[in-house]
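Everything on this sheet refers to the single structure shown next.
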Amino acid sequence: MKKALITGVTGQDGLYLAKFLLEKKYQVIGTVRSYRCLNKDNFAYLGIEDKVIIENLDLLDMSNVIKIIQKYKPDEIYNLAAQSSVGLSYSQPIGTISFNTLSVCNLLESIRLIDPTIRLYQASSSEMYGRTSELPIKIGTPMHPISPYGISKMAAYFMITTYRESYGMYAVNGVMFNHESFLRSENFFIKKVIKDAIAIKNKKLPYLKIGNLNVKRDFGYTPKYIEAMWRMLQLETPDDFIICSGKPILLKDIVEYIFDKLQIDKKLIVEDKSLFRPNEIEEIYGDSSKARDKLGWEYNLSFFDVLDLLIEEEIRAIEKKEEFNR
C-alpha cells in the first residue's frame, strides 16, 4: 500500500485529493496546523471522515516536518498548505511570503536529509506569471508577479526546481489556474457570489457587493484538477506542468450568469471600488497541452456547466441545513 502525505488537507484540493487517493488504495495522512481548527464536516461530505489519518504539523518548524516524515515514511507528499488568498496577501505580505516560502524549504530539506526518493508535489499558482504580454501562459513564460502571494509562489517554484536540479530529487510544480468546487472557502470569488446570490434570492441579503468585474480569469473544476496532481508524481522523470482550462472568462459574465440562473435582477450587482485590489491582472489564461501530451490529462468542461453544478450543490446544502434546523 502506497502512503501519501497531504499538507493543507482541509482545503478543497486536499479534501478531493484525499478522496481520490483513497479510491486508489493509498494510506492517506493529512496535516493541519491545529486540531482545534479541524472541522470534519467537509470530510463527511465526501464520505472520508474516518479514512484519513490527521496529524498536527507546523511547516515552519523543520523538526516537526522531520518527525512526521520519519513517522509515516510516505512515498508521496502533496504540499497544498499555503496562505492562498491573493487579496489577503496585500494586507499580510510578510506572513504570506514567510509561510509560503519557508514551508517549502523545510519540506525539501527534510526530504533530502531523510529519504530523497520521496516524491514531492508543490501547488504552484498562475499568479506567479502576473502581468504578462504572452498569452496563453506556458511553463517557460517569463514571470512578473504583481502580488505578495504571486511573489511567494514564484520563490517556492524556483526552490523546487533548484532542489530537483541540484540533488536529483523528484520534486515538481503543478501550476494551477483558478479551480472551483462546492468545498471552496467562502472568501473566494465564485463561492462568495453563489452564496450571496442565493441569499438575495431568499431575501436574506439586499444586494451583491463585489470588487472589479472587468477582468478575465481561467476557471476549472477542482475534482478534475486534482487528478493531474497525482499523474505528475507517476512519471518516470519529474517535470512541471500548467493545469488549466485554457479559456478566459470575464468575471462580469460569471456573475450575470449566476443571477440569470437564479432569476435575480442584475441591478442588485454592486461594484464597490473599496474592494478592488491595489494591483490587478486584467487577463490571464493558460495552455495545458503539455499536460495532455505527457500526463494524458484531458479537460473539456465548460465553466458555465461547472457553475450549474456548483449552484445546485449549494442550494441542496442550504436546504439540507434548513431541514436539519427545523
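The values are calculated or read from the model by the stated rules, or taken from the named source; none is laboratory data. Treat the numbers as computed from the prediction; the structure is a model and nothing was measured. Because the Cβ atoms are built from the backbone with ideal geometry, glycine has one as well, and the counts that use them run over all protein chains shown. Please note that ligands, DNA and RNA were not included when accessible areas were found on the heavy atoms of the full protein model with its side chains. Shrake-Rupley method; radii C 1.70, N 1.55, O 1.52, S 1.80 Å.
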Top-ranked residue in the range 220-240 [being over 15 Å from the mean Cα position of the chain (by Cα) and touching a residue at least 60 places away in the same chain (Cβ under 8 Å); ranked as farthest from residue 80 (Cα to Cα)]: 235
Cβ-Cβ under 7 Å pairs, at least 6 apart or on other chains, the range 253-276 side more than 15 Å from residue 211 (Cβ to Cβ), far side among the β-branched types (Val, Ile, Thr) and open to solvent by 60 Å² or more (accessible area, probe 1.4 Å): none
Selection count where residues are under 16 Å from residue 170 (Cβ atoms), open to solvent by 60 Å² or more (accessible area, probe 1.4 Å) and of a type outside the set (D, E, K, R), scope the range 91-113: 1
Any chance residue 63 is modelled with pLDDT of 95 or more, touching a Leu at 6+ places or on another chain (Cβ under 6 Å) and in a helix (DSSP H, G or I): no
Boolean, residue 318 is in contact with a helix residue (DSSP H, G or I) (Cβ under 6 Å, 6 or more places away or on another chain) and open to solvent by less than 60 Å² (accessible area, probe 1.4 Å): no
Hits in the range 267-303 (condition: open to solvent by 80 Å² or more (accessible area, probe 1.4 Å), more than 17 Å from residue 130 (Cβ to Cβ) and not hydrophobic (A, V, I, L, M, F, W, C)): 267, 271, 273, 274, 292, 293, 294, 298, 300
When residues of the range 148-158 are limited to those that are crowded, with 20+ Cβ neighbours inside 10 Å and among the aliphatic types (A, V, I, L, M), the one farthest from residue 123 (Cα to Cα): 151
Residues of the range 1-21 satisfying the condition of being in contact (Cβ under 8 Å) with a residue 60 or more places away in the chain and either in a strand (DSSP E or B) or among the β-branched types (Val, Ile, Thr) (or both): 3, 4, 5, 6, 7, 9
Residue count, the range 214-229 (criterion: open to solvent by 20 Å² or more (accessible area, probe 1.4 Å) and closer than 19 Å to residue 130 by Cα): 2
Residue 226 being under 18 Å from residue 243 (Cα atoms) and in contact with a helix residue (DSSP H, G or I) (Cβ under 6 Å, 6 or more places away or on another chain): yes
Residues of the range 67-90 satisfying the condition of being open to solvent by 40 Å² or more (accessible area, probe 1.4 Å) and in a helix (DSSP H, G or I): 67, 70, 71, 88, 90
Some residue of the range 124-139 being in contact with a Leu (Cβ under 9 Å, 6 or more places away or on another chain), at pLDDT 95 or above, open to solvent by less than 20 Å² (accessible area, probe 1.4 Å) and more than 17 Å from residue 96 (Cβ to Cβ): no
Subset of the range 268-315 [at pLDDT below 95, closer than 20 Å to residue 258 by Cβ and part of a helix (DSSP H, G or I)]: 275
Total residues in the range 22-60, condition free of Cβ contacts under 8 Å to residues at least 60 places away in the same chain, part of a loop (DSSP other than H, G, I, E, B) and open to solvent by 60 Å² or more (accessible area, probe 1.4 Å): 9
Selection count where residues are outside any loop (DSSP other than H, G, I, E, B) and open to solvent by 40 Å² or more (accessible area, probe 1.4 Å), scope the range 230-247: 2
The range 171-210, residues that are open to solvent by less than 20 Å² (accessible area, probe 1.4 Å) and over 21 Å from the mean Cα position of the chain (by Cα): 197, 198, 200, 208, 210
